[in-house]
Amino acid sequence: VQLQASGGGLVQAGGSLRLFCAASGRITVINAMAWYRQAPGKQRELVAVSSSGSANYAESVKGRFTIIADNAKNTVSLQMNSLKPDDTAVYYCKITLPWGMNYWGQGTQVTVSS
């Protein structure tokens, strides 16, 4: 199983970006799809997760970010609006398959300038 993430870049505060992640390989069922981020000097943190038709978000991104999971196409996107400098980080996608098998994408850099 491989995940390919894309869509990162440099944007000014208040702007928008959309991240995209596509999973390929032997995938039958995806239990959850998620986005994480890791800022310099900080631990990786959960940003948003979609599972069984429900989505949950970190408090810091609620109302600004939207996770869009397409289980039929094995893709997950993250629409990020009203971006802030504190959103600057490397963003990683992750899928969880049955038996707790987790797979990660390679990470995509998001930089928000003030």
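The values are calculated or read from the model by the stated rules, or taken from the named source; none is laboratory data. If you're wondering where the values come from, they're calculated on a predicted model, not measured in any experiment. Ideal geometry is used to build each Cβ from the backbone, glycine not excepted, and the neighbour counts take in all protein chains shown. These accessible areas exclude ligands, DNA and RNA; they are computed on the full protein's heavy atoms, side chains included. Shrake-Rupley method; radii C 1.70, N 1.55, O 1.52, S 1.80 Å.
In table form, for the structure just shown:
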item: Convex hull per residue volume in Å³, alpha carbons only, for segment 1-99; result: 101
item: Mean separation of Cα contacts under 8 Å (6+ apart) over length of segment 38-114, as relative contact order %; result: 23
item: For Gly15, residues with placed amide H under 5 Å, excluding near neighbours; result: Leu83
item: Inter-label distance, nm, simple model (7 Å from Cα along the C-beta direction), Ala32/Leu10; result: 3.5
item: Computed accessible area, Thr66, all protein chains, 1.4 angstrom probe, square angstrom; result: 60
item: Average accessible area per residue (Å²) across the chain - probe 1.4 Å, nucleic acids and ligands excluded; result: 55
item: Theoretical gain in end-to-end length, Ser113 to Ser60 [0.36 nm per residue, Cα-Cα removed]; result: 17.3 nm
item: Accessible surface of the chain, 1.4 Å probe, proportion on carbon and sulfur as whole %; result: 49
